[in-house]
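J.: One structure follows; several queries about it will come next.
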Amino acid sequence: MTDLAAVKAALKTQAVETPSWAYGNSGTRFKVFAQAGVPRSPWEKIQDAARVHAFTGVAPSVALHIPWDTVEDYAALAKYAEDQGVRLGTINSNTFQDDAYKLGSVCHPDAAVRRKAVDHLLRCVDIMDATGSRDLKLWFADGTNYPGQDDVRARQDRLAEGLAEVYARLGEEQRMLLEYKLFEPAFYTTDVPDWGTAYAHCLGLGDKARVVVDTGHHAPGTNIEFIVATLLREDKLGGFDFNSRFYADDDLMAGAADPFQLFRIMYEVVRGGGFTSEVAFMLDQCHNIEPKIPAIIRSVMNVQEATAKALLVDRDALAKAQAAGDVLGANAVLMDAYDTDVRPLLRAVREEMGVDPDPMAAYARSGWAEKIVAERVGGEQAGWGA
Ligand code: LRH
Ligand code: MN
Ligand code: MN
């Protein structure tokens, strides 16, 4: 039997960080469909993130991407976020949009380009000092397109050197989260393509370096929950970028394409003692055709539902069935939890937290969508690159 009160208490402590870039316009390489009311600045992105938190109760922080979210005064931005009811979370670095980075950033063959990239990462740590952020999340577009293009092994040495310099700059409480991605934009080799490479670098760096699992960054069929279990066992799981994929890095709403996979991942998190603030639960998605704020609310709710189901697994019954070699019985215990309709439980949890039991309806009723369309007129809407 699972302890319902404990499940509820755990759900109330959940924190899902939303990404600033999800509030701005995005698209594919074919077309960006602009939406009315989209934020024109980091300040307005924070306003929207604060709405998501107000209606869900479990999205208390918003991640920034630098330089997409460049402002003059980051401490003022942090104060503004606090006034809105949220805080600034992870700082995401961006070393993939300057012309200089055509052949890579921290792995580039030219030391001057590597210097520029590392300086950007150091600047991100300065920003963390001003915002009070704990985590620096690093994702590199570095790689090669053709066999022989560069020395793959030397690129690893350059990467290690750059990471070490940034690691040394971290404060006591700050962490470096290294994100891997199978491919894209590089197609032959990627310098941090998988959890093993990320893990090896983090191990070399020390305790403050951890691996980030972006659920969209794997080959089809990859058993992501196994990676999660392994990283937790090694005390090296820093967090997640949740999103959904049908093909590659689709960045669709978390829990949309494969809610069962999200449940299996969350079960390994719970099982591995990772349901703590040590593991950062972040969304990393884009809303190309759907309205952005409701899509983010929906994603937060999908993460909550997967978490609730994972917490409901009867672990004693599961352990018994496993020990008895009862294959079907063990599978049934897991499926019982997955098949539970947790929506009534989550409605009750929200009511106890003082949040509307139906966040989507509450947001629709709130008039925020109409307000931003009416008020955010003129200026340039935020999108990737702004
Ligand atoms: C790369 C990525 C990484 C970036 C974000 C915008 O595909 O997942 O986390 O910072 O997208
Ligand atoms: Mn990501
Ligand atoms: Mn991605």
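The values are calculated or read from the model by the stated rules, or taken from the named source; none is laboratory data. Small disclaimer: the values here were computed from a predicted structure and weren't measured. Don't worry about glycine lacking a Cβ; one is built from the backbone with ideal geometry, like all the others, and counts go over all protein chains shown.
J.: Would you check which residues across the stretch 1-17 are of a type in the set (D, E, K, R) and at pLDDT 95 or above and list them?
T.: Lys8, Lys12, Glu17, listed by residue number.
J.: Follow-up question, since we're still on this one. Before we move on, is Asp194 under 25 Å from Glu165 (Cα atoms), in contact with an Asp or Glu (Cβ under 6 Å, 6 or more places away or on another chain) and within 16 Å of ligand 1 (Cβ to nearest atom)? Don't jump to the end; show me each part of the working.
T.: Values: under 25 Å from Glu165 (Cα atoms): yes; in contact with an Asp or Glu (Cβ under 6 Å, 6 or more places away or on another chain): no; within 16 Å of ligand 1 (Cβ to nearest atom): yes.
When the stated conditions are applied, Asp194 does not pass them.
J.: Within the group Asp341, Asp336, which residue is assigned to a helix (DSSP H, G or I), away from ligand 3 (no atom under 16 Å from the Cβ), out of contact with any Pro (no Cβ under 7 Å at 6 or more places or on another chain) and over 29 Å from Leu136 (Cβ atoms)?
T.: Checking each option against the conditions leaves just Asp336.
J.: Moving to a separate point now. Taking the stretch 149-189 only, how many residues are out of contact with any strand residue (DSSP E or B) (no Cβ under 6 Å at 6 or more places or on another chain), part of a helix (DSSP H, G or I), of a type in the set (A, V, I, L, M, F, W, C) and farther than 27 Å from Ala130 by Cα?
T.: 1
J.: Still on this structure, I have one more. Considering only residues that are within 18 Å of Val16 (Cα to Cα) and among the acidic types (Asp, Glu), which ones fall in the stretch 247-266?
T.: Of everything in the stretch 247-266, just one residue is within 18 Å of Val16 (Cα to Cα) and among the acidic types (Asp, Glu), namely Asp251.
J.: Testing Met301 on (1) modelled with pLDDT of 95 or more; (2) assigned to a loop (DSSP other than H, G, I, E, B), one condition comes back false. Which one is that?
T.: (2)
J.: Consider Gly162 carefully, then state whether it is within 15 Å of ligand 1 (Cβ to nearest atom) and in contact (Cβ under 8 Å) with a residue 40 or more places away in the chain.
T.: Judged against the criteria, Gly162 is not a match.
J.: Could you tell me which numbered condition Ala49 fails, if it satisfies all but one of (1) under 19 Å from Ile289 (Cβ atoms); (2) of a type outside the set (S, T, N, Q); (3) within 21 Å of the chain's Cα centre (by Cα)?
T.: (1)
J.: As an exercise: evaluate Asp110 against (1) farther than 24 Å from Asp251 by Cβ; (2) within 16 Å of ligand 3 (Cβ to nearest atom) and give the number of the one condition it does not meet.
T.: That leaves (2) as the condition not met.
J.: Given the conditions (1) assigned to a loop (DSSP other than H, G, I, E, B); (2) more than 16 Å from ligand 3 (Cβ to nearest atom), and given that Thr230 satisfies all but one, which numbered condition is not satisfied?
T.: Just one mismatch for Thr230, condition (1).
J.: Further question on the same structure: Quick check on Leu328: is it of a type outside the set (Asp, Glu) and closer than 15 Å to Leu262 by Cα? Show your work before the answer.
T.: Values: of a type outside the set (Asp, Glu): yes; closer than 15 Å to Leu262 by Cα: no.
Considered against the rule, which asks whether it is of a type outside the set (Asp, Glu) and closer than 15 Å to Leu262 by Cα, Leu328 comes out as no.
J.: What are the pairs with Cβ atoms under 7 angstrom where one residue, in the stretch 233-259, is among the acidic types (Asp, Glu) and the other, located anywhere, is surrounded by fewer than 18 Cβ atoms within 10 Å (Cβ to Cβ)? Sequence gap at least six, or different chains.
T.: Asp249/Glu184
J.: Which condition does Thr307 not pass, out of (1) crowded, with 24+ Cβ neighbours inside 10 Å; (2) within 16 Å of ligand 3 (Cβ to nearest atom); (3) farther than 30 Å from Phe33 by Cβ, if it passes all the others?
T.: So Thr307 meets the others, but not (2).
J.: For the stretch 67-86, name all the residues that are outside any helix (DSSP H, G or I) and surrounded by fewer than 21 Cβ atoms within 10 Å (Cβ to Cβ).
T.: Pro67, Trp68, Thr70, Val71, Glu72, Asp73, Gly85
J.: Among what's in the stretch 113-142 and is over 18 Å from Leu88 (Cβ atoms), touching a Cys at 6+ places or on another chain (Cβ under 8 Å) and of a type outside the set (Asp, Glu), pick the residue that is nearest to ligand 3 (Cβ to nearest atom).
T.: So, considering only residues that are over 18 Å from Leu88 (Cβ atoms), touching a Cys at 6+ places or on another chain (Cβ under 8 Å) and of a type outside the set (Asp, Glu), the one nearest to ligand 3 (Cβ to nearest atom) is Phe140.
J.: Are any residues in the stretch 267-314 touching a residue at least 60 places away in the same chain (Cβ under 8 Å) and of a type in the set (D, E, K, R), and if so, which ones?
T.: If the condition is that a residue be touching a residue at least 60 places away in the same chain (Cβ under 8 Å) and of a type in the set (D, E, K, R), then Asp284, Lys292, Arg298, Asp314 are the ones that fit.
J.: Another question, if that's okay. Residues Leu232, Leu178, Leu182: which one is farther than 20 Å from Ala22 by Cβ and within 14 Å of the chain's Cα centre (by Cα)?
T.: Leu178
J.: Shifting gears a bit: Looking only at residues that are touching a helix residue (DSSP H, G or I) at 6+ places or on another chain (Cβ under 9 Å) and among the hydroxyl-bearing types (Ser, Thr, Tyr) in the stretch 140-180, which one is surrounded by the most Cβ atoms within 10 Å (Cβ to Cβ)?
T.: The extreme case among them is Tyr180.
J.: Which members of the stretch 261-319 meet the condition of being within 16 Å of ligand 2 (Cβ to nearest atom), within 14 Å of the chain's Cα centre (by Cα) and within 22 Å of His65 (Cβ to Cβ)?
T.: Of everything in the stretch 261-319, those that are within 16 Å of ligand 2 (Cβ to nearest atom), within 14 Å of the chain's Cα centre (by Cα) and within 22 Å of His65 (Cβ to Cβ) turn out to be Val279, Ala280, Phe281, Met282, Leu283, Asp284, Gln285, Cys286, Ile296, Ser299, Val303.
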